[in-house]
Amino acid sequence: MIKHHPTFELLKSFVDGELPASLSAGIAIHADMCAVCQHQIAQLTEQVAEASFEFEEAFLDRFIVDSNDDIEDMPVINFDQMIDDITASNALTETVVKTEKQISFNEQSYTLPNALHNMDLGRTTHIGKLSRARIQLDENEIHTSLLHIQPGGGVPEHTHKGFELTLLLDGSFEDENGQYVKGDFIMLNGDHQHHPISPEGCLCYTVANDALHFTQGINKLLNPIGSFIY
Ligand SMILES: [Zn+2]
């Protein structure tokens with residue numbers, strides 16, 4: 001069962017269209033798998049639509065009062081245009097593409113989430129049991145990837161200066177804080193230190209805005225992995 005969800009603030013920013021494409025896709029993917037967040041998003045979206053409608057109404061009221069004296073000069077209000085404007089909000093338009101797109105890591109094939117169908121994938125690189133395919137979003141210091149861990153693999157204990165989103169697309173992994181399953185949305189910042197391992201293997205969608213910093217002994221020498229995963 002999914003236990004880790006985006007915060008309310010993140011969902012709100014998602015609905016308001018304020019998130020970078022990488023995080024926005026992460027929330028869309030999670031919501032596809034999580035009825036709780038789907039419901040929350042639907043409610044927030046409704047509120048945004050209502051607020052924008054109330055704004056239009058308040059605007060019209062004021063306009064009508066102001067022009068009360070010469071009704072005949074009043075321009076015709078284009079209601080079709082008004083509805084178009086309201087529904088043009090990013091929060092409401094979601095193009096659903098129904099073609100399945102697959103990706104393979106180590107001869108295992110996965111179906112990509114809908115939100116990633118139209119994104120370009122870079123070539124896959126490997127270090128040990130880790131494989132990474134970069135998602136080309138051109139968001140400067142924000143890097144987005146698909147990270148595959150073979151059974152028994154893991155990432156050495158590390159911390160971040162920025163944030164790190166790990167969204168489990170398939171399989172499971174665990175760290176000091178517990179076990180994570182498909183759909184879990186795990187957002188960490190520089191205060192967290194962790195050492196994820198995946199006994200059964202997993203595929204994750206990751207977004208980070210800073211290289212990983214290894215915190216223990218020999219792992220400090222493994223900085224190429226840091227930029228590999230970031
Ligand atoms: Zn959720």
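The values are calculated or read from the model by the stated rules, or taken from the named source; none is laboratory data. Not measured: the values here are computed from a predicted model. Cβ sites come from the backbone with ideal geometry, for glycine too, and all protein chains shown count toward neighbours.
Quick one: which residue in Ile135, Ile149, Ile127 is under 22 Å from Ile27 (Cβ atoms) and of a type outside the set (Asp, Glu)? Give the steps one after another, and end with the answer.
Values: Ile149 fails: under 22 Å from Ile27 (Cβ atoms); Ile127 fails: under 22 Å from Ile27 (Cβ atoms).
On inspection, the qualifying residue turns out to be Ile135.
Restricted to region 1-12, and to residues there that are buried (at least 16 other Cβ atoms within 10 Å of the Cβ) and closer than 20 Å to Asp184 by Cβ, the residue that is nearest to the ligand (Cβ to nearest atom) is His5. Residues considered: Ser145, Ser52. Of these, the only one that is surrounded by 10 or more Cβ atoms within 10 Å (Cβ to Cβ), modelled with pLDDT under 90 and on the phi < 0 side of the Ramachandran plot is Ser52. Considered as a group, the residues in region 19-51 that are of a type in the set (Val, Ile, Thr) and more than 27 Å from Asp138 (Cα to Cα) include one that is farthest from the ligand (Cβ to nearest atom), and that residue is Val48.
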